[in-house]
1. Suppose the chain between residue 186 and residue 242 were pulled fully straight at 0.36 nm per residue; how much longer would it get relative to their current alpha carbon spacing?
2. Would you work out the charge dipole size for segment 1-90 about its Cα centre, treating the Cβ of every Lys and Arg as +1 and the Cβ of every Asp and Glu as -1, and quote it to the nearest 20 debye?
3. Once you sort the root eigenvalues of the Cα gyration tensor of segment 120-209 as a ≥ b ≥ c, which label holds: rounded (a/c under 1.5), prolate (a/b larger than b/c) or oblate (the other case)?
4. How big is the dipole moment of segment 138-273 about its Cα centre under a simple scheme where the beta carbon of each Lys and Arg is +1, that of each Asp and Glu is -1, and everything else is neutral? Debye, nearest 20, please.
5. Tell me the label-point distance for the pair residue 264, residue 131, using the 7 Å Cα-to-Cβ offset, in nm and rounded to one decimal.
6. If you stretched the chain out fully between residue 209 and residue 67, how much longer would it get, using 0.36 nm times the residue separation minus the C-alpha to C-alpha distance?
7. For residue 251 and residue 104, what does the FRET efficiency come to when R0 = 25 Å and r is the distance between their Cβ atoms, rounded to the nearest 0.05?
8. Measure off 7 Å from each Cα along the Cα-to-Cβ vector at residue 91 and residue 216, then give the distance between these two points in nanometres to one decimal.
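Just so you know, all these numbers are worked out from the coordinates, no wet-lab data involved. Quick caveat: nothing in here was measured; it's all calculated off a predicted structure. All Cβ positions, glycine included, derive from the backbone under ideal geometry; neighbour counts span all protein chains shown.
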Amino acid sequence: MQRLARQWQQAGKAVVFVPTMGFLHRGHASLMERARELAGRKGRVVVSVYVNPTQFGPKEDFARYPRDVKGDQRLCRAAGVDVFFAPGDAEMYPADFSTAVQEEKLAGGMEGAARPGHFRGVATIVAKLFNVVLPTAAVFGAKDFQQAAVLGRMTRDLNFPVKIVVAPTCREADGLAMSSRNQYLSLAQREQATVLWRAIQRAQEMVARRPAAAALLQRETARMVAAQPEARLDYVEFFDPATLEPVRTVKPGTQMALAVFVGRTRLIDNGRL
Ligand code: AMP
């Protein structure tokens, strides 16, 4: 990959990169379409599939994270991707690997607080992949809002010459954000999982009328989640989308993010109110 990337760089090609953990779905395909548009006919689109061990906590689902390389290759081919890059663990992490990248402001709350070490793993692997793929642009999903913010900051702070593009969240017909983890859900859990999107819509309705206290909206979300027998709220936050700083008063334009366990499966979602 690296040799090809150097050739493209020398030829001045636009190279648009979509990093993923695989088990690809329509949400990932939408990022690839965006990448294709950005790269143009003469540019190149690279998709990586790598389930990065360092971004999973010891009690998380790394071992059982769904994998389907053949299916992923098919989806990438259909999406007009030029290079499908699936590095192995030995290639990414030699046995004596001892370096990490850590963003220290935006990564602290929400997913960073709930999953210690997660963003350190994410920033490290994305920095490494940037150095291998040498992209001119990279596309990330708004589904992982905080991740996109952390990686945008990392890219700027470390002077990666990469334009960061954030593409909208793809949803199922009932509003559930597409995710490789949705396949863990039983039928009953799948229905209950719509509570994340319903809670976002409820908050949208509430603040459309008049600004509301974050505490009130937090209680409303907790109530909606508690009404689902197998769901448990991990966190819900209302914050400034530029700084990720929590707000006390929620208005249109405030960002909402939440994480909910449905059974053993942890789902996240977010939206602009
Ligand atoms: P993942 O494979 O889940 O790590 O995701 C790889 C990329 O796809 C990340 O930039 C995600 O934000 C993005 N992504 C995942 N799910 C969706 C979705 N439903 N809509 C849009 N982008 C998504």
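1. Values: separation 56, 0.36 × 56 = 20.16 nm, distance 3.61 nm.
Using 0.36 nm per residue and subtracting the Cα-Cα distance, I get 16.5 nm.
2. Using Cβ point charges on Lys, Arg, Asp and Glu, segment 1-90 gives about 380 debye.
3. Prolate is the answer for segment 120-209, as a/c is 1.5 or above and a/b outweighs b/c.
4. 160 debye
5. That separation, rounded to one decimal, is 3.6 nm.
6. That works out to 46.7 nm of additional length.
7. E between residue 251 and residue 104, to the nearest 0.05, is 0.35.
8. 5.4 nm
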